[in-house]
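One structure below.
Please treat every number below as a calculation from the coordinates, not as lab data. Values in this document were obtained by computation on a predicted structure and should not be read as measured data. Quick reminder, even Gly has a Cβ in these numbers, built from the backbone with ideal geometry, and neighbours come from all protein chains shown.
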């Protein structure tokens with residue numbers, strides 16, 4: 001089972017963990033392509049370690065440094081967003097892992113699937129924004145999509161060998177983030193460092209803020225709808241502070257099947273890259289005796305209104321999910337830049353959803369136009 005792998009976003013949290021998996025499975029996986037936005041030092045280090053056929057640095061301002069560092073190698077250096085999209089379509093790989101953050105990751109996913117390339121997907125925004133377009137591309141090309149999010153990987157693993165008609169509902173778990181029990185009246189005072197202090201997971205800044213608002217769970221709800229084909233009324237969200245059960249499925253006879261493990265993204269990444277096998281790995285193993293209890297509670301929509309917005313967007317579909325996703329992208333970055341309050345994120349998301357021009361069956365060009373409109377409107381808040 002030797003596989004050639006392309007990794008988009010190799011210097012981000014998902015990309016770094018994917019390369020740890022690849023380093024462990026050198027006899028199983030070959031890294032062929034890598035991409036980064038601006039982190040030249042780490043990209044150069046990765047290129048020298050894994051010797052891919054090509055790397056792409058998206059921000060053109062940093063290209064010369066990468067070219068100079070790799071001049072004595074045979075590694076092709078690609079530059080710019082256009083080259084990233086071209087790299088996404090190179091079909092001499094077995095799997096493309098999309099670890100890009102935010103809406104810019106959507107088009108590479110679509111292009112890869114249209115080219116017949118199987119995609120290991122971490123980029124939630126791909127399906128949230130363009131689920132209908134992506135599903136049609138998969139049907140036409142025959143390419144497959146393997147989820148990397150711990151929750152969707154858990155459901156995927158639970159579904160193996162089961163009959164879909166026997167399942168009553170999917171249950172997505174979430175830790176509740178750092179503000180699960182904080183006084184909601186103090187949310188406007190939340191500082192960036194507090195929001196980035198996740199109790200269980202070590203992730204990038206964007207997804208960590210999404211976890212603090214629980215927008216990540218809303219995005220995962222939409223993603224689950226597209227991946228598994230269950231309607232919103234058959235997908236539930238449960239707050240599970242320990243992050244040991246990553247998600248569950250409930251059967252019609254009342255039986256529940258759960259996927260468990262320590263909160264470590266290398267586990268779902270490895271499963272996506274080596275599916276259908278569970279290969280020996282050196283990662284930390286779950287010790288049941290360390291956990292006296294596993295607890296569960298319902299999500300608080302008043303505390304975390306972004307979850308309710310996600311359910312609302314699924315009821316409307318069309319461009320509603322994309323508008324919510326884009327609004328969240330830009331509002332999170334404004335919060336990280338100290339331009340808005342933590343509580344403004346959900347308010348902006350709701351406003352953009354309500355005020356955008358809704359399209360029932362958007363094209364890729366429609367989504368690009370929506371992106372520009374949302375960017376301009378979020379900047380005015």
Check your understanding: What length, rounded to one decimal in nm, is gained on full extension from residue 2 through to residue 48, with 0.36 nm per residue of separation minus their alpha-carbon distance?
Key -> 14.4 nm
Point to revise | Relative contact order %, the range 1-88, counting alpha carbon pairs below 8 Å whose residues are six or more apart | key: 25 percent
Review point. Just for the chain, what percent of DSSP beta bridges are antiparallel, to the closest 5?
Key: 25 percent
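Among rounded, prolate and oblate, which fits the range 225-297 when a ≥ b ≥ c are the square roots of the eigenvalues of its C-alpha gyration tensor, a/c under 1.5 means rounded, and a/b larger than b/c means prolate? Could the numbers behind the result be given before it?
Numbers: a/c = 2.07, a/b = 1.20, b/c = 1.73.
Oblate, because a/c is 1.5 or more while a/b does not exceed b/c.
With each run of n ≥ 4 DSSP H residues scored as -39500 (n - 2.57), what mean residue ellipticity at 222 nm is computed for the chain after dividing by its residue count and rounding to the nearest 500 deg cm²/dmol?
Details: 15 runs with 167 residues, N = 381.
Rounded to the nearest 500, the figure is -13500 deg cm²/dmol.
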Practice item. Extending each Cα 7 Å along its Cβ direction at residue 86 and residue 183, get the distance between those two points in nm, one decimal. Key: 5.8 nm
Exercise for review: Order the peptides 211-217, 347-353 from the highest to the lowest mean number of other Cβ atoms within 10 Å of their residues.
Suggested key: 211-217, 347-353
**Study point:** Anisotropy class of the range 152-317 from Cα gyration tensor, a/c 1.5 cut
**Key:** oblate
Check your understanding: Could you give the distance between the Cα centres of the range 193-245 and the range 294-371, to the whole Å?
Key -> 14 Å
Revision key, fill the gap. Two pseudo-spin positions, 7 Å from Cα along C-beta at residue 333 and at residue 255, lie apart in nanometres by 4.7 nm
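Normalised by the number of residues in the range 224-269, what is the relative contact order in percent for Cα pairs under 8 Å and 6+ residues apart? Before the final figure, lay out the partial values.
On the way: 29 pairs, mean separation 12.1, N = 46.
For the range 224-269, the relative contact order is 26 percent.
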Check your understanding: According to the square roots a ≥ b ≥ c of the eigenvalues of the Cα gyration tensor, what is the shape class of the chain, taking rounded for a/c under 1.5, prolate for a/b larger than b/c otherwise, and oblate for the remainder?
Key -> rounded
Practice item. State the extension gain, in nm to one decimal, for the chain segment bounded by residue 360 and residue 316, taking 0.36 nm per residue of separation less the distance between their alpha-carbons. Key: 15.0 nm
Check your understanding: Taking only C-alpha pairs under 8 Å that are 6+ residues apart, what is the relative contact order of the chain in percent?
Key -> 14 percent
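Cut-off is 10 Å between beta-carbons; in what order do 240, 152, 356, 361 appear when sorted fewest neighbours first? Don't jump to the answer; show the numbers that get you there.
On the way: 240 23, 152 27, 356 19, 361 10.
With the fewest neighbours first, 240, 152, 356, 361 line up as 361, 356, 240, 152.
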Review point. If we count other beta carbons within 10 Å of each Cβ, what is the order of 166, 344, 302, fewest first?
Key: 302, 166, 344
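Hey, can you rank 195-206, 95-106 by average C-beta count inside 10 Å, highest first? Mind dumping the intermediate values first?
Numbers: 195-206: 16.7, 95-106: 24.4.
Those peptides, ordered most packed to least, come out 95-106, 195-206.
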